[in-house]
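Contents: one structure, followed by commentary.
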Amino acid sequence: MSPGPSPKIAAIVLAAGHSSRMAPRNKLLESVGGEPMIRRVAAVAIAGGASLVVVVTGHEAATVAAALQGLEVTIVANPDYADGLSTSLRAGLSALPSGVDGALILLGDMPDIEVAVLRALMTDFAGAGAVCVPVRH
């Protein structure tokens, strides 16, 4: 990436799945640290500095959206969510406005994701202008 202004990086939070392993409960609505898991993930994306946070919903879309009430997020409904995660990824990417340079892809069931990790990924992207993947050890 050429020197200049910081790239505009959005966050796409994938939150459309059936949560089949926890059925009949939706794991995204389970309380983690006193708030629904999906809200916690979206809040970290916002705090991490994403220029826009898009949450892709599908299964129990209205309930998931209600858990995000009051947060500055864009909700995108994926009517094809039952066809797999790739359809949600496409829906999220399609919702991004022009001028977005990159996207953080987050799963709605990552309650332990840290602001520092997102910021590090965005910093690395700004320096490399390429795909960045976090690893542990």
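The values are calculated or read from the model by the stated rules, or taken from the named source; none is laboratory data. Not measured: the values here are computed from a predicted model. Methodologically, a virtual Cβ is constructed for each residue, glycine included, from the backbone with ideal geometry; neighbour enumeration extends over all protein chains shown.
Considering only region 89-115, state which residues are assigned to a helix (DSSP H, G or I), more than 20 Å from Pro36 (Cβ to Cβ) and in contact (Cβ under 8 Å) with a residue 24 or more places away in the chain. Once the filter is applied, which keeps residues that are assigned to a helix (DSSP H, G or I), more than 20 Å from Pro36 (Cβ to Cβ) and in contact (Cβ under 8 Å) with a residue 24 or more places away in the chain, region 89-115 yields Leu89, Ala91, Leu93.
Of the residues that make up region 69-88, is at least one closer than 15 Å to Ile46 by Cα and not in a loop (DSSP other than H, G, I, E, B)? Reasoning before the result, please.
Our first condition is that a residue be closer than 15 Å to Ile46 by Cα; within region 69-88, this holds for 69-75.
With not in a loop (DSSP other than H, G, I, E, B) added as a condition, the list becomes 74-75.
Yes: one or more hits.
When region 119-137 is examined, which residues are found to be free of Cβ contacts under 8 Å to residues at least 40 places away in the same chain and either part of a loop (DSSP other than H, G, I, E, B) or of a type in the set (Asp, Glu) (or both)? Residues satisfying the conditions are Asp124, Ala130, Val131, Cys132, Val133, Pro134, Val135, Arg136, His137. Of all residues in region 74-109, those satisfying the criterion of being of a type in the set (A, V, I, L, M) and in contact with a strand residue (DSSP E or B) (Cβ under 6 Å, 6 or more places away or on another chain) are Ile75, Val76, Ala77, Ala91, Ala95, Leu96, Val100, Ala103, Leu104, Ile105, Leu106, Leu107.
Just a yes or no: is a residue in region 51-74 of a type in the set (Gly, Ala, Ser) and in contact (Cβ under 8 Å) with a residue 60 or more places away in the chain?
No, every residue in region 51-74 fails to be of a type in the set (Gly, Ala, Ser) and in contact (Cβ under 8 Å) with a residue 60 or more places away in the chain.
Going by the conditions given, is Val115 surrounded by 19 or more Cβ atoms within 10 Å (Cβ to Cβ) and at pLDDT 95 or above? Taking the combined requirement at face value, the residue does not satisfy it.
Find the residue count for region 34-68, including only residues that are crowded, with 22+ Cβ neighbours inside 10 Å, assigned to a strand (DSSP E or B) and aliphatic (A, V, I, L, M). So the count comes out to 4.
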